[in-house]
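Everything on this sheet refers to the single structure shown next.
The values are calculated or read from the model by the stated rules, or taken from the named source; none is laboratory data. What you see is a predicted model; the values in this text were computed from it and never measured. Backbone-built Cβ (ideal geometry, glycine too); neighbour counts: all protein chains shown.
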Amino acid sequence: MKKEPLISFENLRKTYIMGDTEVKALQSASLNIYKNEYVALMGPSGSGKSTLMNLLGCLDTPSSGIYVLNGSNVANMGDTELAVVRNKEIGFVFQTFNLLPRLSALENVALPLVYAGIPKSVRLKKAEEMLAAVGLKDRMDHKPNELSGGQRQRVAVARALVNNPSIILADEPTGNLDSKTSYEIMQLFDEIHKAGNTIILVTHEPDIAAHAHRIVKLKDGFIESDVINQSIQSFQNPV
């Protein structure tokens, strides 16, 4: 029996109208991604990778094409439907962490469960479990400004995982971190992948992409290459 892809998109296009100018951010992209794959999306500025990430994350809708996520055709969904799909299917990790400054680490991690309507006692218990899993059991009551960059990104990872999403979508997750902390965060992503999660990582850094099992490169709005990473290598621990 043929395995169905977790993500499938065909002839995906995105055009923005900027005054009198038409900007073709994504020209035509087709790809299948399967459960428990670890995929890196790479490309220079203007290649279309950020546009593709926004479409995959249901943060934007395509101008044309088909996008099926976990059996649902999301290409033509409205904003309300997309918000439901986002919260259920996708855990986001951003370069800038996107934590709410007035909330504790525990409250930040529990946020997706608030939107899902989970009772408070249940969501706090799950948030505690996720923070413990990323090594922050002793930092649950700290606010973001009381945490290091690496700890904030661990909070963001815990928040991404708390809803048991189909996909972890990480956008330049080490972009604001030093080399040592980047290594630690990528080790955490390796562990998350080994536990069975599907990860899509957007990066322009080859040493970060080296963690992925599959590397998809974009150029000028097209998918230029899609290759299996033959030499899965560990980020060398910096001196």
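In the range 206-235, which residues are of a type in the set (A, V, I, L, M, F, W, C), more than 16 Å from the chain's Cα centre (by Cα), part of a loop (DSSP other than H, G, I, E, B) and modelled with pLDDT of 90 or more?
Going through the range 206-235, the residues of a type in the set (A, V, I, L, M, F, W, C) turn out to be 208-210, 212, 215-216, 218, 222-223, 227-228, 232, 235.
Keeping just the survivors that are more than 16 Å from the chain's Cα centre (by Cα) gives 210, 218, 222-223, 227-228, 232, 235.
Subset that is part of a loop (DSSP other than H, G, I, E, B): 210, 232, 235.
Scanning the range 206-235 gives a single hit, Ala210.
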How many residues does the range 99-134 contain that are surrounded by 14 or more Cβ atoms within 10 Å (Cβ to Cβ) and assigned to a loop (DSSP other than H, G, I, E, B)?
5
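Give the residue that is farthest from the chain's Cα centre (by Cα), with candidates limited to residues of the range 94-149 that are at positive phi and not hydrophobic (A, V, I, L, M, F, W, C). Before the answer, list the steps.
Keep residues of the range 94-149 that are at positive phi, which gives 97-98, 117, 135.
With not hydrophobic (A, V, I, L, M, F, W, C) added as a condition, the list becomes 98, 117, 135.
Numbers: Asn98: 13, Gly117: 22, Gly135: 20 Å.
If we take residues in the range 94-149 being at positive phi and not hydrophobic (A, V, I, L, M, F, W, C), then Gly117 is farthest from the chain's Cα centre (by Cα).
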Out of everything in the range 156-178 that is of a type in the set (Val, Ile, Thr) and within 23 Å of Asp207 (Cα to Cα), what residue ends up being nearest to the chain's Cα centre (by Cα)?
Ile168
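Within the range 34-68, take every residue that is in a strand (DSSP E or B) and out of contact with any Phe, Trp or Tyr (no Cβ under 9 Å at 6 or more places or on another chain) and give me the one that is farthest from Val216 (Cα to Cα). I'd like the intermediate steps shown before the answer.
Quick first cut of the range 34-68, residues in a strand (DSSP E or B) only: 38-42, 64-68.
This time we only want the ones that are out of contact with any Phe, Trp or Tyr (no Cβ under 9 Å at 6 or more places or on another chain), so: 39-42, 64.
Numbers: Val39: 7, Ala40: 6, Leu41: 5, Met42: 6, Ser64: 21 Å.
Step by step, filter the range 34-68, then rank; the result is Ser64.
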Residues that are modelled with pLDDT of 90 or more and within 19 Å of Met42 (Cβ to Cβ), drawn from the range 190-205:
Asp190, His193, Thr198, Ile199, Ile200, Leu201, Val202, Thr203
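Test Asn197 against the stated conditions and say whether it is under 15 Å from the mean Cα position of the chain (by Cα) and free of Cβ contacts under 8 Å to residues at least 12 places away in the same chain. So that I can check it myself, show each step before the final result.
On the way: under 15 Å from the mean Cα position of the chain (by Cα): yes; free of Cβ contacts under 8 Å to residues at least 12 places away in the same chain: no.
Judged against the criteria, Asn197 is not a match.
Looking at the range 154-189, which of the residues that are aliphatic (A, V, I, L, M) and part of a loop (DSSP other than H, G, I, E, B) is farthest from Ser45 (Cα to Cα)?
Narrowing the range 154-189 to residues aliphatic (A, V, I, L, M): 155-158, 160-162, 167-170, 177, 185-186, 188.
Add one more test, that the residue is part of a loop (DSSP other than H, G, I, E, B), and what stays is 162, 177.
Details: Val162: 31, Leu177: 20 Å.
Only one residue fits best here, namely Val162.
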